[in-house]
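The values are calculated or read from the model by the stated rules, or taken from the named source; none is laboratory data. Here the structure is a predicted model, which means the values were calculated and not measured. Don't worry about glycine lacking a Cβ; one is built from the backbone with ideal geometry, like all the others, and counts go over all protein chains shown.
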């Protein structure tokens, strides 16, 4: 936790610098000849889509470690990753929707990746609800960790099944196999934004982790106080 | 040994249900109530009914199974008997298998009764493919009930458990719902090919049947 407290402001400042740099690059990036200015929303959309999955991966890794080693700090990290991932997922859905209106002529289409993203958001919300619905801290940690794993197994199945079902979405902009299908002038700001969002995710995760850890300490203290009062009225 | 222990647990659950708890009839009448609601909401004519039927079947089964899943561990919770079950000198996987088989039997029975009722109520003449439809439904139910029983164990002792169970289970069941509806539509002649969708159901089954028993073990670990 001490190291995290030192790391967090560093991450924060680095992210801020990268976001400013990214913003400047985006402002100077050329317009897409078909999509016009609305193409600029992908600089927000694509990095946050990557982060929404990355945060789930992080939560999965921490949950596996928790189930394996029973180390509480892993559980704290897993708990903290969930709302951050939910935030990125919501940003992804909202920005995609805003982009979809001028491009596809509709706010929403039941295409493969949109559907998977929506399911991911429900999954994140479900994880938060599960965490808060069980009072016993150990039970709650175990249940949430197992649920994260179930989700991690189900997400690829959801993705592929919906992909078979229907697809309208344009192919992936980054890392969609082979060379990126995007011009260099547009690519540089996208990569800068991707790195900035990784920093942002790390910063928020660290912040949330410290909050959760502090909250748990507080709960433990309050419990101790109550027990003490019960013992010596 | 494991299988025998699991069988005893399943038998206890099913017989206990017939004698006292009557989850079976609750599920069946919940399903029929859902059918009435669907009829009132969609008022399908004969042609529309054939097109709607696959979706209606799977949605009804999905929601009906929530009724059953909410009660999977009820007997154990009421008398604190869950600890007793875990203390039994059998592997945790056997406990899971037993609970799963019990729920699977009840759900399959409900489906078996529900399908002909649906064909009658919605006026769909598909009696020839009824066994195949039941087969597809049962195939999906294998994995779905395994996942459901696991989530029922997971939400044990949670506040607002039934809502939570639905919130967690429904999104995870999306692939199964897609595959099941498409496969059933193919059987009724309103869909495309059946093979890829049956394969998808099989993938779902294999994944959850191999994951769930172990996950149950981690869950009840002290």
Single match in A:106, A:115 (criterion: free of Cβ contacts under 8 Å to residues at least 40 places away in the same chain, more than 20 Å from residue B:161 (Cβ to Cβ) and either within 10 Å of chain B (Cβ to nearest Cβ) or not in a helix (DSSP H, G or I) (or both)): A:106
Single condition residue B:212 does not satisfy, out of (1) surrounded by 19 or more Cβ atoms within 10 Å (Cβ to Cβ); (2) at positive phi: (2)
Condition check for residue B:185: modelled with pLDDT of 90 or more, away from chain A (no Cβ under 11 Å), in a helix (DSSP H, G or I) and touching a helix residue (DSSP H, G or I) at 6+ places or on another chain (Cβ under 6 Å): yes
Pairs, first without any contact (Cβ under 8 Å) to a residue 24 or more places away in the chain in segment B:42-57, second part of a helix (DSSP H, G or I) and surrounded by 15 or more Cβ atoms within 10 Å (Cβ to Cβ), C-beta under 9 Å, six or more apart: B:42/B:49; B:42/B:52; B:42/B:56
Condition met for residue B:177 (within 16 Å of residue B:142 (Cα to Cα), surrounded by fewer than 16 Cβ atoms within 10 Å (Cβ to Cβ) and in contact (Cβ under 8 Å) with a residue 12 or more places away in the chain): no
Single match in B:197, B:218, B:214 (criterion: out of contact with any helix residue (DSSP H, G or I) (no Cβ under 7 Å at 6 or more places or on another chain) and either at pLDDT below 90 or assigned to a helix (DSSP H, G or I) (or both)): B:214
Residue match in segment A:145-153 (condition: at pLDDT 90 or above, within 14 Å of chain B (Cβ to nearest Cβ) and either within 24 Å of residue A:46 (Cβ to Cβ) or touching a strand residue (DSSP E or B) at 6+ places or on another chain (Cβ under 9 Å) (or both)): yes
Qualifying positions in segment B:86-116 - more than 18 Å from the chain's Cα centre (by Cα) and surrounded by fewer than 19 Cβ atoms within 10 Å (Cβ to Cβ): B:86, B:87, B:88, B:89, B:91, B:92, B:93
Verdict on residue A:17 being within 10 Å of the chain's Cα centre (by Cα), surrounded by fewer than 16 Cβ atoms within 10 Å (Cβ to Cβ) and part of a helix (DSSP H, G or I): no
When residues of segment B:144-163 are limited to those that are within 10 Å of another protein chain (Cβ to nearest Cβ) and buried (at least 21 other Cβ atoms within 10 Å of the Cβ), the one farthest from residue A:132 (Cα to Cα): B:147
Residue list for segment A:127-144, filter: within 8 Å of chain B (Cβ to nearest Cβ) and either surrounded by 17 or more Cβ atoms within 10 Å (Cβ to Cβ) or part of a helix (DSSP H, G or I) (or both): A:129, A:130, A:133, A:134, A:139, A:142, A:143
Sole exception among (1) assigned to a helix (DSSP H, G or I); (2) away from chain B (no Cβ under 14 Å); (3) touching a helix residue (DSSP H, G or I) at 6+ places or on another chain (Cβ under 6 Å) for residue A:73, by number: (3)
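Before we move on, is residue B:170 at pLDDT 90 or above, surrounded by fewer than 18 Cβ atoms within 10 Å (Cβ to Cβ), within 17 Å of residue A:151 (Cα to Cα) and within 9 Å of another protein chain (Cβ to nearest Cβ)? Lay out the reasoning, then the answer.
On the way: at pLDDT 90 or above: yes; surrounded by fewer than 18 Cβ atoms within 10 Å (Cβ to Cβ): yes; within 17 Å of residue A:151 (Cα to Cα): yes; within 9 Å of another protein chain (Cβ to nearest Cβ): yes.
Here the answer is yes, as residue B:170 does meet what is asked.
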Yes/no for residue B:76 being crowded, with 18+ Cβ neighbours inside 10 Å and assigned to a helix (DSSP H, G or I): yes
